[in-house]
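Asker: This is the structure, below, for whatever I ask next.
The values are calculated or read from the model by the stated rules, or taken from the named source; none is laboratory data. What you see is a predicted model; the values in this text were computed from it and never measured. When we count neighbours, we look across all protein chains shown, and the Cβ atoms used for this are built from the backbone with ideal geometry, even at glycine. Accessible surface is based on the protein model in full, side chains and every heavy atom, while ligands, DNA and RNA are left aside. Shrake-Rupley method; radii C 1.70, N 1.55, O 1.52, S 1.80 Å.
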Amino acid sequence: MPSPPPLLRLRLRLRLHSPRPLAMIHSSTSHLPHHLPQNQTENITQAITYHDRTKHSLTSGYARGPGRLDWANQPNPFLRFTPSPSLPLLHPTTPLSPHYPSIFDSFPSSPLPLSLSSVSSLLYYSLSLSAWKTTGFSTWSLRVNPSSGNLHPTECHIVSPPLPNSPYNSSPFVSHYCPKDHSLEIRAVGHQNLKLPITSDSLIVVFSSIFWREAWKYGERALRYCNHDVGHAIAAVAISAAALGWDARLLDSLSHSELEALIGVTKTYPPLPEPWPTKPLRGNLPWVESQHPDCALVLFPANTNFTINYPALREFVKEFSDSEWAGKPNSLSKDHVCWDVIYHTAGAIKKPADDNCFSVNPFYKSGLISENLYKDFRVYDVVRKRRSAVDMDRVHIMEKETFYQILLHCLPSGEVGPGEKQGRNFTVPFRVLEWDAEVHLALFVHRVRGLEKGLYFLVRNEGHFDSLKKAMRSQFEWTQPDNCPKTLPLYRLAKGDCQDLAKQVSCIQDIASDGCFSLGMVARFEPVLREKGAWMYPRLFWETGIIGQVLYLEAHAVGISATGIGCYFDDAVHEVLGLEGKEFQSLYHFTVGGPVLDKRIMSLPAYPGPGIDA
């Protein structure tokens, strides 16, 4: 009898010891608390239904998608508003100088003052173009912030007080960032008596998503990928800000409608159809290109007593939204496909306003074994030269200490003191989040010298430890590996070569098995939605994107590479871990290892003219 495939071998071996039946996929709301309003209960049902509907499956196939790529209607990756005043940003001629590991240890003692130059640096080291690539037959751009399929659904808007050394030095204004030429398009300017209620040395960054850019390729699953990308962008900005001496924090008490007003969505785009379509539509559907506001971050000098007056900020948004808005968005595609479930779900997960007060978490250092584990890279070298690996070489072996170091920088609480546990978001870049860590890492270890091959688990919130252990397979070891740092809650679950298993659960992709290690990001799922609301659904994906951005930078900083994996068989991952029901769900995969470079692809500078990349 031939051997069954690797996943089945694992199932059969584990079932000898654990005969409990696997739970059926469901979207029940029977456990929803009675205190939630009816519409919130319905919204949670919609989020869970969408999540189940967009799972890839080993048995029933992939989530609904286009089947083939309509190249004639590939969305333009660059959004422009014309006519609108343009504010060019100078390309930095001096690299962002802090040594890369230092940004996890402390903020620079002297934050840069807010100016046109510092805003340029912030965006240049977070969201700008990093290179152009060409094969001779086609040319495409890369950006500092990664994106699923390099499709870049995430747009950035700057809400600034009067900006010194700029034409807008007397009034607050809202601008749209254009990465293609590293400039700001001025969308609206407030009158001189209108004050943005933040300090003059701070500013607000707003992210929004154009779902169509991802849906063009990925269909219904695109909403997941858009929110991964939001997380990557949040981390990219938070890390760039940290290198400038600025702290960052989500303004998560603002509602979706307030964010729409703040960036002029309702003044710019056609209204969405009423009633909303109940099946996919094809044709010229311009409202499909509308922006969906995701979140706002406030950036401010670190180690200061910064605060936000939310009532005053809401009054500002209300008054500023009546300003005259400049420019109309360019068309991204001639024809479109509207994947209706994306927009139904996006409507259900909009965040309402709340009356929570603004607060800033204390700063904790991330654990550092030794700076010698890193290359002699500055922040500039890492963030602008980061690339997504296409293939891994199956050769590179990572040292155990390097593996531990990478995971230490993925922890939310860093060097916790006696009696403290991991879970609170105190470290860069996780301190940007307002909630405690909800995402953990299930690791497939392939090539780490001194560490046995096998399945491992990093518990990023130790308050979840008992729930995780109870939910997962009873025969797992839960043993900390030898010489593991005391502050690293890493556990070995099972020994053995899991390369084929990692490949199989990641949509049969070699890249998941050919590196040093790969992983699945496992989030506490339905309980979070029940406790807080459906609006936590995208935020769980943001958290995975932030972790992914750290993994990207850590890999480059030690001299190798990484890449995100959005295609994986959701419930196959859960079965490997023994997870049933919806308490925990896998939301994102990643792989880290030695990259294979394609020498046929040439690299060109991101921007012409003088600058550090010229």
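Asker: Just checking, does segment 458-473 include any residue being closer than 22 Å to Ile397 by Cβ and modelled with pLDDT of 95 or more?
Answerer: Looking for residues that are closer than 22 Å to Ile397 by Cβ and modelled with pLDDT of 95 or more, one finds at least one in segment 458-473, hence yes.
Asker: How many residues, within segment 255-312, are of a type in the set (D, E, K, R), in a strand (DSSP E or B) and within 22 Å of the chain's Cα centre (by Cα)?
Answerer: Residues flagged as of a type in the set (D, E, K, R), in a strand (DSSP E or B) and within 22 Å of the chain's Cα centre (by Cα) within segment 255-312 amount to 1.
Asker: State yes or no: is His440 open to solvent by 10 Å² or more (accessible area, probe 1.4 Å), closer than 26 Å to His232 by Cβ, in contact (Cβ under 8 Å) with a residue 12 or more places away in the chain and not in a loop (DSSP other than H, G, I, E, B)?
Answerer: Considered against the rule, which asks whether it is open to solvent by 10 Å² or more (accessible area, probe 1.4 Å), closer than 26 Å to His232 by Cβ, in contact (Cβ under 8 Å) with a residue 12 or more places away in the chain and not in a loop (DSSP other than H, G, I, E, B), His440 comes out as no.
Asker: Now a separate question. Tell me which residues, restricted to segment 171-199, are over 12 Å from Phe316 (Cβ atoms), open to solvent by 30 Å² or more (accessible area, probe 1.4 Å), modelled with pLDDT of 95 or more and more than 26 Å from the chain's Cα centre (by Cα).
Answerer: Correct list: Val189, Thr199.
Asker: Please enumerate the residues belonging to segment 132-154 that are at pLDDT below 95 and aromatic (Phe, Trp, Tyr).
Answerer: Passing the criteria: only Phe137.
Asker: Any residue at all in segment 175-198 that is at positive phi and part of a loop (DSSP other than H, G, I, E, B)?
Answerer: For segment 175-198, residues at positive phi and part of a loop (DSSP other than H, G, I, E, B): present.
Asker: Among all residue pairs at least 6 apart or on different chains, which show Cβ distances below 6 Å where the first residue, located in segment 64-87, is small (Gly, Ala, Ser) and the second is exposed (fewer than 12 other Cβ atoms within 10 Å of the Cβ) and assigned to a loop (DSSP other than H, G, I, E, B)?
Answerer: Matching pairs, first to second residue: none at all.
Asker: Still on this model: Examine segment 272-286 for a residue that is in contact (Cβ under 8 Å) with a residue 40 or more places away in the chain, closer than 30 Å to Arg384 by Cα, open to solvent by less than 30 Å² (accessible area, probe 1.4 Å) and not polar (S, T, N, Q), and state whether such a residue exists.
Answerer: no
Asker: Further question on the same structure: For segment 188-214, how many residues meet the condition of being among the hydroxyl-bearing types (Ser, Thr, Tyr) and under 20 Å from Ser84 (Cα atoms)?
Answerer: Total satisfying the criteria: 1.
Asker: Additional query: Pull out all pairs, ordered by first then second residue, where Cβ-Cβ is under 6 Å, the residues are six or more apart or on different chains, the first lies in segment 534-559 and is closer than 12 Å to Ile406 by Cβ, and the second is part of a helix (DSSP H, G or I) and of a type outside the set (S, T, N, Q).
Answerer: What qualifies is Leu553/Val382; Glu554/Ile406; His556/Val382; Ala557/Tyr100; Ala557/Val382.
Asker: If Glu554 passes every condition in (1) surrounded by fewer than 18 Cβ atoms within 10 Å (Cβ to Cβ); (2) of a type in the set (D, E, K, R); (3) closer than 30 Å to Phe465 by Cβ but one, which one does it miss?
Answerer: Of the numbered conditions (1) surrounded by fewer than 18 Cβ atoms within 10 Å (Cβ to Cβ); (2) of a type in the set (D, E, K, R); (3) closer than 30 Å to Phe465 by Cβ, the odd one out for Glu554 is (1).
Asker: Mind counting the residues in segment 66-90 that are more than 22 Å from the chain's Cα centre (by Cα) and open to solvent by less than 40 Å² (accessible area, probe 1.4 Å)?
Answerer: Of the residues in segment 66-90, 5 are more than 22 Å from the chain's Cα centre (by Cα) and open to solvent by less than 40 Å² (accessible area, probe 1.4 Å).
Asker: While we're here: Kindly indicate which of Ala238, Ala248 is in a helix (DSSP H, G or I) and either out of contact with any Gly (no Cβ under 7 Å at 6 or more places or on another chain) or on the phi > 0 side of the Ramachandran plot (or both).
Answerer: Testing whether each residue is in a helix (DSSP H, G or I) and either out of contact with any Gly (no Cβ under 7 Å at 6 or more places or on another chain) or on the phi > 0 side of the Ramachandran plot (or both) leaves just Ala238.
Asker: Do we have any residue at all in segment 106-119 that's within 30 Å of Lys599 (Cα to Cα) and either free of Cβ contacts under 8 Å to residues at least 40 places away in the same chain or not β-branched (Val, Ile, Thr) (or both)?
Answerer: No, segment 106-119 contains no residue that is within 30 Å of Lys599 (Cα to Cα) and either free of Cβ contacts under 8 Å to residues at least 40 places away in the same chain or not β-branched (Val, Ile, Thr) (or both).
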